[in-house]
1. Among the residues of the range 349-394, write down those that are more than 22 Å from the chain's Cα centre (by Cα), more than 25 Å from Gln87 (Cα to Cα) and not hydrophobic (A, V, I, L, M, F, W, C).
2. For Ala349, indicate whether it is within 21 Å of Thr273 (Cα to Cα), in a helix (DSSP H, G or I), out of contact with any strand residue (DSSP E or B) (no Cβ under 9 Å at 6 or more places or on another chain) and not acidic (Asp, Glu).
3. Can you tell me which residues in the range 153-174 are buried (at least 22 other Cβ atoms within 10 Å of the Cβ) and not acidic (Asp, Glu)?
4. In this structure, is Leu332 surrounded by 13 or more Cβ atoms within 10 Å (Cβ to Cβ), farther than 22 Å from Gly58 by Cα, assigned by TED's automatic domain parsing to the domain that holds Ile67 and at pLDDT 95 or above?
5. Would you check which residues across the range 21-53 are without any contact (Cβ under 8 Å) to a residue 40 or more places away in the chain, farther than 18 Å from Tyr214 by Cβ and touching a strand residue (DSSP E or B) at 6+ places or on another chain (Cβ under 8 Å) and list them?
6. Pick from the range 237-263 the residues that are buried (at least 23 other Cβ atoms within 10 Å of the Cβ) and touching a Ser or Thr at 6+ places or on another chain (Cβ under 9 Å): which of them is farthest from Val180 (Cα to Cα)?
7. Of everything in the range 150-194 that's part of a loop (DSSP other than H, G, I, E, B) and of a type in the set (Asp, Glu), which residue is nearest to Gln125 (Cα to Cα)?
8. Residue by residue through the range 270-310, note down the ones that are assigned to a helix (DSSP H, G or I), touching a residue at least 24 places away in the same chain (Cβ under 8 Å), out of contact with any Leu (no Cβ under 9 Å at 6 or more places or on another chain) and surrounded by fewer than 24 Cβ atoms within 10 Å (Cβ to Cβ).
Amino acid sequence: MTQIEEAREGKITFEVGACARDEELLAAQVCQGVAKGEIVILKNRGRDLSKICGVGKGLKVKVNANIGTSADSSDISTELKKAKIAQKVGADCLMDLSTGGDIDKIRRTIISETNLPLGTVPIYQAAIEAGDINRMKIGAILKVIQKQAEDGVDFMTIHAGLTTEGLTRLKNQGRKMDIVSRGGAMLACWMKRNNKENPFYEHFDEVLDIVKEYDVTLSLGDGLRPGAIEDATDRAQIQELIILGELAQRAQDKGVQVMIEGPGHVPIHQIKTNVLLEKSLCRNAPFYVLGPLVTDSAPGYDHITAAIGGAIAGASGADFLCYVTPAEHLRLPSVEDVREGVIVTKIAAHAADIAKGISSAKELDSKMSLARRNLDWEAQINLSLDPEKARKYRSQSQPSDEEVCTMCGPYCAVKLSREILR
């Protein structure tokens, strides 16, 4: 039985219990959330993960880090370094988006060398193995899904909600950026050239049969997500979201865990609306957002534009933030880009957790405030979301009075107020 089927029978699985302990919740609360489809447990039944990752309503906002090769850069050792640094600095999950080199070997190496849930986008491998996107066959696509599930992949993105009707609606309306989802663009090309409906949509039940066997969580991708803030919340995006809600219900009815992917590029004032729409149309299925990026005009700093949007989305009810690195829109990220992307997204998730009333998040900030009040520099460093950077900055500060820092020196407001108020 899958996690959602066990939960419907009121059974507290090991994974549900572990998630509840990590979240400081009652196991029955998590079990109920899984049963309703409002929480997913990202774990292939064939993997042995020491840390269980739950995503959804009432839980801490989780952070995903994308890694993977390209046609121009396919060094396994580099991608493994990215995976390990992402795990070290606090990512909750990884996604292997490889499109170059030995994709099977890359995926299997990441699974064996890391201890985080791993996601994939199977159409990438299917397209590469076909040699030409337009020659892909549904049988080959299903074989890739089967192979990746057997390897231990914990969640998979499939763009099943992108239909011929949606493409027509997109074309009729017009956009600044058309399709920016790589998987969505691949499918759109295949559909147009073959004059057929989306194979994931037409063969959705066959996909469900495979992933259910391994308890792989489906992440229903947004192939028509906006890639420019001017395109946000348009008809094509919302039509796809409606279809994703229908597909999510079919998956849950069949005993498959599912989450919904979301935009993308969204101006600040539309983020909450997007979250509420997903929660309403998809019956509170966990919402997995890329960013969202709140401006299109900051290449080199898109990890910041995404963190701004991610904090607002998380506070509004989004459950899972896909990180964005400083290299977004410019190049394949480096190891340091991955590190920085995870950290800033962790900050966004933490800020959202405070807004949601997550007790552990509020407690961390309370401890930090006390450490600052006491001018306890070691505690401040250890409590920080990036202790390594905090320690580096502190070591570069050499005040004449070791109790303070070089910003204020003898005029430190904390020290002066402590002397007169305590």
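1. The answer is Ser366, Ser369, Arg372, Arg373, Asn374, Asp376.
2. Against the criterion (within 21 Å of Thr273 (Cα to Cα), in a helix (DSSP H, G or I), out of contact with any strand residue (DSSP E or B) (no Cβ under 9 Å at 6 or more places or on another chain) and not acidic (Asp, Glu)), Ala349 does not qualify.
3. If the condition is that a residue be buried (at least 22 other Cβ atoms within 10 Å of the Cβ) and not acidic (Asp, Glu), then Val153, Phe155, Met156, Thr157, Ile158, His159, Ala160, Gly161, Leu162, Gly166, Leu170 are the ones that fit.
4. Yes; evaluated as a whole, the condition is true for this residue.
5. Result: Asp22, Glu23, Val30, Gly33.
6. In this case the residue turns out to be Val256.
7. Asp154
8. Gln270, Lys272, Thr273, Val275, Leu276, Lys279, Ile304 - these are the residues of the range 270-310 that are assigned to a helix (DSSP H, G or I), touching a residue at least 24 places away in the same chain (Cβ under 8 Å), out of contact with any Leu (no Cβ under 9 Å at 6 or more places or on another chain) and surrounded by fewer than 24 Cβ atoms within 10 Å (Cβ to Cβ).
The values are calculated or read from the model by the stated rules, or taken from the named source; none is laboratory data. Just so you know, these numbers come straight off a predicted model, no measurement behind them. Glycine gets a Cβ as well: all are built from the backbone with ideal geometry, and neighbour counts include every protein chain shown.
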